[in-house]
1. Out of the residues in region 102-147 meeting the condition of being of a type in the set (S, T, N, Q) and either touching a Gly at 6+ places or on another chain (Cβ under 9 Å) or assigned to a strand (DSSP E or B) (or both), tell me which one is nearest to K83 (Cα to Cα).
2. Go through region 76-101 and count every residue that is part of a strand (DSSP E or B), in contact with a strand residue (DSSP E or B) (Cβ under 8 Å, 6 or more places away or on another chain), over 26 Å from L9 (Cβ atoms) and not small (G, A, S).
3. Of the residues that make up region 56-75, is at least one in a strand (DSSP E or B), over 15 Å from the mean Cα position of the chain (by Cα) and surrounded by 16 or more Cβ atoms within 10 Å (Cβ to Cβ)?
4. Hey, among the residues in region 98-127 that are within 19 Å of L178 (Cα to Cα) and without any contact (Cβ under 8 Å) to a residue 60 or more places away in the chain, which one's farthest from the chain's Cα centre (by Cα)?
5. Do you know which residues across region 165-179 are buried (at least 16 other Cβ atoms within 10 Å of the Cβ) and more than 10 Å from the chain's Cα centre (by Cα)?
6. Collect the residues in region 160-192 that are free of Cβ contacts under 8 Å to residues at least 12 places away in the same chain and outside any loop (DSSP other than H, G, I, E, B), keeping them in residue-number order.
7. Could you pull out the residue among A157, A152 that is surrounded by 15 or more Cβ atoms within 10 Å (Cβ to Cβ) and not in a helix (DSSP H, G or I)?
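What follows draws every value from the coordinates through simple rules; no lab data is involved. Since the model is a prediction, treat every value here as computed from it, not as a measurement. Neighbour counts run over all protein chains shown; Cβ positions are idealised from the backbone, glycine included.
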Amino acid sequence: MYHATMLVLASHSPRRREILTQAGIEFVVRAAVVDETPLAGETPREHVLRLSRLKAEAVAAAPGEIVLGADTVVVAGGKLLGKPSSRQEAAWMLRQLSGTEHEVLTGVCLRTDSRLLQDTASTRVWFLRLSEEEIADYVATGEPMDKAGAYAIQGRASKFVEKIEGCFFNVVGLPVALVYNRLKELTTGGTL
């Protein structure tokens, strides 16, 4: 049986904390700080898996604890869209998403003192076509600034999302059902 008090979240993300809390999964936060710069030639999947592992390995864990590292990116038109560094970059990202389909990809890594499990979740998201005024108004709210792909599906950008295919919570920042299943594997001795 999974004992929730053993989980250590290696993340600053308030959204990941909120998702775990809403799911009733107890945890402590020991946020990891890692360089999130993509490597040359790295695919989006390789990128999120590498960063989730780096985050999980960057924090200390006592025997019996499970460390959770996660990283989320948006992939649009073959381009990896992380968190925008400026309002101009946020507007550019939203123009890339306008009227198109994109992928939200999250890598998760769960680490114990003797095992490491990694996985990814992918969700397809379709955006309505956005006017320049809609983009400018949304960017002006400040909401896009700490979000992969410059939008929060659970916030003001919800009105731009025509449909999704896959896990909603993945788009928010943590595919909680995937994490829960991997936690059960680690605590019951199951294998992938």
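1. Going through region 102-147, the residues of a type in the set (S, T, N, Q) turn out to be 106, 112, 114, 118, 120, 122-123, 131, 141.
Next cut, either touching a Gly at 6+ places or on another chain (Cβ under 9 Å) or assigned to a strand (DSSP E or B) (or both) only: 106, 112, 118, 120, 122-123, 141.
On the way: T106: 14, T112: 29, Q118: 23, T120: 19, S122: 18, T123: 18, T141: 15 Å.
Among those residues, the one meeting the criterion is T106.
2. 1
3. The answer is yes; a qualifying residue exists.
4. Keep residues of region 98-127 that are within 19 Å of L178 (Cα to Cα), which gives 103-112, 115-125.
Narrowing further to those that are without any contact (Cβ under 8 Å) to a residue 60 or more places away in the chain: 103, 111, 121-125.
Values: E103: 12, R111: 17, A121: 9, S122: 10, T123: 11, R124: 14, V125: 14 Å.
Per the stated criteria, the residue is R111.
5. Step one: of region 165-179, the residues buried (at least 16 other Cβ atoms within 10 Å of the Cβ) are 167, 169-176, 178-179.
Once the filter is applied, which keeps residues that are buried (at least 16 other Cβ atoms within 10 Å of the Cβ) and more than 10 Å from the chain's Cα centre (by Cα), region 165-179 yields C167, V176, L178, V179.
6. To start, the set of residues in region 160-192 that are free of Cβ contacts under 8 Å to residues at least 12 places away in the same chain comprises 177, 181, 189-191.
The answer is A177, N181.
7. A152
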